[in-house]
Amino acid sequence: MSSQELADFLRRRRENLEPKEVPAEASRPSHRRARRTPGLRREEVADLAQVSLSYYERLEQARAPRPSPQVLSALATALQLTGAERDHLARLAGQVLPAENGHVPEQVPEDAQQLIGRLEGIPAYILNDRQDIVAWNTAAAALITDFSRLTPDERNLTRISSRFRETLCTGAPGAETDFSQQAAANLRAASVRYPADSVLSELINEFASHDPDFASSWRNHAVRPIPSVRKILHHPGLGELRMDRHTLTLPGSDFSLVMYTAEAGSPTAAALKSL
């Protein structure tokens, strides 16, 4: 991953941080001048991270050597990064090695395959880091689509986003934007872990070229995951369903488990039993 990517990430996170969100000591008298651009100034971030202004400026200009783990930790704290953003920062700085073979895995662990089969009545599927749907149960096929009728290339969650939006997200405020933002976050993190995966690069270019929300989130280095989100689903046979989508990382693997659940005793829960 290039130093330019690290520089761009630092700059965008600095610009997204409101001055009122940082400790008062970051705004020394010498810093208190009219703000012409959004976010913190470089000198304020340098103060908070206790690094020299010259060094921080060179980081944002992609001219500095890779920062040490200690400096990265200080910068992450100064920029108030989330856990996912801290991991992303470390990978951009070369502190975390990419995946061993450089390519997104596609073979689902046997225990994960068994797990979704045992989730009776709970629609569930498994994603790899490329957002390919690599396994699913019968409830997920009944709720969403018969994935077995799709080619492997078509079984990509982001690639078939138009179908998901029409079937799953109609009526949910901001659903299309949220979907694109989460897709960009997932693929941004994957691109750092799998820099040699050409299929992943092609997907990113494809989505960025036709989805403005995805492109905007990509440029902004969005990497924050959304583990749970409320969805209003419109099923052709069951009508409107109010469900929660949960995304869990499967321990010891590069796969995620996605499940759709409904509140116990709700009309949606009763409707799901017919699946």
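With a Förster radius of 22 Å applied to the beta-carbon distance between Arg230 and Ser274, the computed FRET efficiency rounds to 0.55. Potential lengthening of the chain between Ser201 and Val108 amounts to 31.3 nm, from the contour at 0.36 nm per residue minus the alpha-carbon distance. Here the range 110-272 is treated with +1 on each Lys and Arg Cβ and -1 on each Asp and Glu Cβ, and its dipole about the Cα centre works out to around 300 debye. Pair-distance distribution of the range 110-272: all C-alpha pairs, bin width 10 Å, starting at 0; shares per bin in whole percent are 10, 40, 38, 12, 1. Distance between the modelled labels on His210 and Val96, one decimal in nanometres: 3.1 nm (7 Å Cα→Cβ projection).
A Förster distance of 41 Å, applied to the separation of the beta-carbon atoms of Gln50 and Gln4, puts the FRET efficiency at 0.95.
Placing pseudo-labels 7 Å out from each Cα toward the beta carbon at Glu240 and Gln80 gives an inter-label distance of 3.6 nm.
Every read-out reported here was derived from the displayed coordinates using simple, explicitly stated rules and does not represent laboratory data. Small disclaimer: the values here were computed from a predicted structure and weren't measured. Cβ sites come from the backbone with ideal geometry, for glycine too, and all protein chains shown count toward neighbours.
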